[in-house]
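Down below is the structure, laid out as structure tokens.
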Amino acid sequence: MEDYKIENYIEIDGTDIPIKELPEEKRKKISEKIQDTVMFSMGFVRKVG
């Protein structure tokens with residue numbers, strides 16, 4: 001059985017970049033944006049403050 005390697009990439013300004021190569025702070029901001037987008041599509045909105 002073959003072992004598969006899965007890498008997650010994100011496109012930034014037209015360039016595909018492996019997520020693991022991004023600084024921790026940038027990964028956190030991107031993950032929050034993805035989560036907000038998914039949650040918004042289900043009717044939830046993040047309230048800050």
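The values are calculated or read from the model by the stated rules, or taken from the named source; none is laboratory data. None of the values given here were measured: they were computed from a predicted structure. No Cβ is skipped: glycine too gets one built from the backbone with ideal geometry, and neighbour counts run over all protein chains shown. Surface accessibility is based on the protein's heavy atoms, side chains included, excluding ligands, DNA and RNA. Shrake-Rupley method; radii C 1.70, N 1.55, O 1.52, S 1.80 Å.
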(request) Determine, for the chain, the count of lysine pairs separated by eight or more sequence positions (or lying on different chains) whose alpha-carbon distance falls under 18 Å. (result) 7
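Using DSSP to define loop residues, name the chymotrypsin sites (Phe, Trp or Tyr not before Pro) in region 1-40 whose beta-carbon has at most 14 other beta-carbon atoms within 10 Å. Before the final figure, lay out each step's value.
Details: sites: 4, 9, 40; in loops: 4.
Sparse-neighbourhood loop chymotrypsin sites (Phe, Trp or Tyr not before Pro): 4.
Round to the nearest 0.05 the FRET efficiency obtained for residue 32 and residue 11 when R0 = 25 Å and r is the Cβ-Cβ distance. Let's see the in-between values first.
Details: r = 18 Å, r/R0 = 0.71.
Calculated value: 0.90.
For the chain, what % of the accessible area comes from carbon and sulfur atoms, probe 1.4 Å? Spell out each step's value before the answer.
Details: 2690 of 4970 Å².
Carbon-and-sulfur percentage of accessible area, whole number: 54.
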(message) Suppose each label sits 7 Å from its Cα in the direction of the beta carbon; what would the residue 21-residue 41 distance come out to in nanometres?
(response) 2.7 nm
(message) Given the chain, report the % of alpha carbon pairs whose separation exceeds 15 Å.
(response) 61 percent
(message) Restricting to DSSP loop positions (anything but H, G, I, E, B) with no more than 11 other Cβ atoms inside 10 Å of their own Cβ, which trypsin sites (Lys or Arg not before Pro) remain in the chain?
(response) 5, 46, 47
(message) Between 0 and 90 degrees, rounded to the nearest ten: what's the tilt of helix 24-41 against the longest Cα principal axis of the chain?
(response) 60 degrees
(message) Can you show me the helix-derived [θ] at 222 nm for the chain, built from DSSP H runs with n ≥ 4 at -39,500 (n - 2.57) apiece and divided by the number of residues, rounded to the nearest 500.
(response) -12500 deg cm²/dmol
